[in-house]
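The structure under discussion appears below in the form of structure tokens.
Every number in this text was worked out from the coordinates using simple rules, so none of it is lab data. Everything quoted here is computed from the prediction, not taken from an experiment. For neighbour counting, all protein chains shown are included, and Cβ atoms are generated from backbone atoms with ideal geometry for every residue, glycine included.
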Amino acid sequence: MTRLLLALLLAITAQAVELHPPPDIALAKVRRIYVDQLGGGAGSDQMRDMLIAAIQRSGLFTLTENPDRADASLRGSSEQKFFVDEHQTSDSIGIHASEGTGSDSRASFGAGSSSRQNLSTGISQNESSHSRENKQEAGASVRLVDSDGDVIWSTTQESSGAKFRTALADVADKVARRLAEETKAARAAQALSPSPPPPPPVSPSAK
């Protein structure tokens, strides 16, 4: 009876792991991905295309347009904002110098002398600048959902643009890079973990 209960317990445990594997094991099994339409309005279609291209470049997955053939679907939303960044500066320099001397003397008999000297210097400079720079920001929050509707992976990424990439392209690259890194780690962990032993056979006497 003890062997029978142990065999049943092992079988139930193995079935539960197969139906609801931990997130890392579930992610390791994903080979084919469908990228669903993203919410968020303007720029979401472009973000979807960039995600497909970025994920495909990783070489870890096959991208499909048929959700029925996918191991998991990538869903979520993205946002793109444009704004103007204005800067205004003002510098002022002023220098002023003044010097003056004078003398005047007169005698009663009509003789007299007079001497005057005046010096004045002034420098004034005002400089102001105003700049306008068009900028953009983008963000995406996505999740990987398996065929049972369980979320097996998720991430949120933001960007103000990179040196040679727009904000949308940089966000897509960040999502794909994070997905690739965690998938590689999950597959490596799966390869190192030993396979669960098969349940022991039930002897006829235990029936």
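Quick one: net charge around Trp153, please, counting Lys, Arg +1 and Asp, Glu -1 for every other residue with C-beta under 15 Å from its C-beta.
+2
Return the subset of Lys81/Lys184; Lys29/Lys174; Lys29/Lys81 for which the Cα-Cα distance in this structure is over 28 Å, preserving the input order.
Numbers: Lys81/Lys184 33 Å; Lys29/Lys174 22 Å; Lys29/Lys81 36 Å.
Distance filter (> 28 Å) returns Lys81/Lys184; Lys29/Lys81.
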Notebook entry, point to check: Quick one: net charge of Lys81's neighbours, Cβ under 10 Å, K/R +1, D/E -1?
Noted result: -1
Next item on the list: Search the structure for amide H atoms under 5 Å from the amide H of Ser154, placed 1.01 Å from N in the peptide plane, and list their residues when 5 or more places away or on another chain.
Entry: Leu144
